[in-house]
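Working notes, structure below.
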Amino acid sequence: PPAHLQPFPPPQPVYGALPAAIPGHGRGGTGLKAATTLTLQVPDELVPGLLGKGGSVMRDIEERSRAKVRVAQKGDLVPGTNNRLVTITAGAHHEAHNAYLMVAHRIGFA
C-alpha cells in the first residue's frame, strides 16, 4: 500500500483513573469510575476527513461511541513525522474501542 496508508503500530491503551475523573457509578460513594485512554497517530493529511465539515464527523463518532475524541492542533506534529496525535478517552473500554474502530474506518485503516 502507499506509504500514507501503512498501518501504525496498534495503539497502547492506558487503563486507570485520569486526573479529571469521569462521573459514573464508582464504588465507595465516590461517583467516579476508571477511564480508558487510547492514543494513536494519524497522518496530518487524513485529519480533515476525520474531523468533517465543522467537526461533524468527529461529533458523530463521539455521540455513537460515547467517547471523547481529541485531535492535536494543526502544526502540532509527532516529532520526526507528519502525524498528529488522536486521543480517545471513555468511561468504559468498549466505548474507547468502538471510537477507535470508527476512527480507523474513517481514515482507511480498517
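The values are calculated or read from the model by the stated rules, or taken from the named source; none is laboratory data. Computed from a prediction, not measured in an experiment: that's the story for all the values here. Here the Cβ positions follow ideal geometry from the backbone for every residue, glycine too, while neighbour counts run over all protein chains shown. We work out accessible area using only protein heavy atoms, side chains counted, and drop any ligands, DNA or RNA first. Shrake-Rupley method; radii C 1.70, N 1.55, O 1.52, S 1.80 Å.
Taking into account only those residues within segment 77-96 that are in contact (Cβ under 8 Å) with a residue 60 or more places away in the chain and assigned to a helix (DSSP H, G or I), which is most open to solvent (accessible area, probe 1.4 Å)?
93
In segment 67-76, how many residues are closer than 17 Å to residue 38 by Cα and part of a loop (DSSP other than H, G, I, E, B)?
2
In segment 34-45, which residues are in a helix (DSSP H, G or I) and either over 15 Å from residue 87 (Cα atoms) or open to solvent by 50 Å² or more (accessible area, probe 1.4 Å) (or both)?
The answer is 45, and nothing else.
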